[in-house]
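Novice: The following block contains the structure, expressed as structure tokens.
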Amino acid sequence: LAKRAADTAQVYTQHANMRPLGIAMIIIGIDVEGEKKVPQLFRCDPAGYYVGYKATSAGAKEQEANNFLEKRFKPPAGSNVAVDPKLSHDDTVQLALACLQNVLGADLKANDIEACVVRHDNLAFTRLSADELETQLTALAERDDDIAGRD
């Protein structure tokens, strides 16, 4: 799907009579390979370039957000081993909220944001309720590890 979207966007850059697509897309999903469920995350840009990520962002302040996420997945100093994060559901949601808080430079309120998840045990795109978000924001405020972003 990511390749097809990127190919379509790339074709629009080749012809003078066609306006190029002006959006970046983040495509998420879970590949089911037998008993194994593998999360996938791709980012497609308007020029037709697509690549898979462990975490990414798009839009205003995307570079700041990507820098924040990159710090969380960077291998330890002196190590050449790639980081393969095994985050729990709560850690993943809290990392996303911490990134958003860090980039915006303000505390978030549950009623002001929307967050959705896709879990390996429920392959549906599910919106978190305000109560769930409040629980995650409270847990994030109480954290003192690297996910919270207090370097």
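Novice: What single numbered condition from (1) over 28 Å from Asn67 (Cβ atoms); (2) in a strand (DSSP E or B) fails to hold for Val118?
Specialist: Evaluating Val118 over (1) over 28 Å from Asn67 (Cβ atoms); (2) in a strand (DSSP E or B) leaves (1) as the failure.
Novice: Please determine whether any residue of segment 142-151 is free of Cβ contacts under 8 Å to residues at least 24 places away in the same chain and hydrophobic (A, V, I, L, M, F, W, C). Lay out the reasoning, then the answer.
Specialist: Filtering segment 142-151 for residues free of Cβ contacts under 8 Å to residues at least 24 places away in the same chain gives 142, 144-145, 150.
If we keep only those that are hydrophobic (A, V, I, L, M, F, W, C) as well, we get none.
Scanning segment 142-151 turns up no residue that is free of Cβ contacts under 8 Å to residues at least 24 places away in the same chain and hydrophobic (A, V, I, L, M, F, W, C).
Novice: To continue, here is another question. When you scan segment 81-90, do you find a residue that is under 17 Å from the mean Cα position of the chain (by Cα), of a type outside the set (D, E, K, R) and at pLDDT 85 or above, even just one?
Specialist: yes
Novice: Same structure again: Are any residues in segment 109-124 surrounded by 17 or more Cβ atoms within 10 Å (Cβ to Cβ) and closer than 18 Å to Ala55 by Cβ, and if so, which ones? Steps first, please.
Specialist: Kept after step one, since they are surrounded by 17 or more Cβ atoms within 10 Å (Cβ to Cβ), are these residues of segment 109-124: 110, 115.
If the condition is that a residue be surrounded by 17 or more Cβ atoms within 10 Å (Cβ to Cβ) and closer than 18 Å to Ala55 by Cβ, then Ala115 is the only one that fits.
Novice: Of everything in segment 88-104, what is open to solvent by 20 Å² or more (accessible area, probe 1.4 Å) and part of a helix (DSSP H, G or I)? Give them in sequence order.
Specialist: Of everything in segment 88-104, those that are open to solvent by 20 Å² or more (accessible area, probe 1.4 Å) and part of a helix (DSSP H, G or I) turn out to be His89, Asp90, Asp91, Thr92, Ala96, Leu100, Gln101, Asn102, Leu104.
Novice: Still on this structure: Would you check which residues across segment 125-145 are open to solvent by 30 Å² or more (accessible area, probe 1.4 Å) and within 17 Å of the chain's Cα centre (by Cα) and list them?
Specialist: Phe125, Thr126, Arg127
Novice: For segment 8-64, which positions are at pLDDT below 90, surrounded by 14 or more Cβ atoms within 10 Å (Cβ to Cβ) and among the aromatic types (Phe, Trp, Tyr)?
Specialist: Once the filter is applied, which keeps residues that are at pLDDT below 90, surrounded by 14 or more Cβ atoms within 10 Å (Cβ to Cβ) and among the aromatic types (Phe, Trp, Tyr), segment 8-64 yields Tyr12, Tyr50, Tyr53.
Novice: Considering only segment 17-47, how many residues are part of a loop (DSSP other than H, G, I, E, B) and in contact with a Pro (Cβ under 9 Å, 6 or more places away or on another chain)?
Specialist: Summing the residues that are part of a loop (DSSP other than H, G, I, E, B) and in contact with a Pro (Cβ under 9 Å, 6 or more places away or on another chain) in segment 17-47 gives 7.
The values are calculated or read from the model by the stated rules, or taken from the named source; none is laboratory data. Bear in mind the structure is a predicted one, so any value in this text is a computation, not a measurement. A quick note on method: Cβ atoms are made from the backbone with ideal geometry, for glycine too, and the neighbour counts reach across all protein chains shown. Side chains included, ligands, DNA and RNA excluded: accessible areas come from the protein's heavy atoms. Shrake-Rupley method; radii C 1.70, N 1.55, O 1.52, S 1.80 Å.
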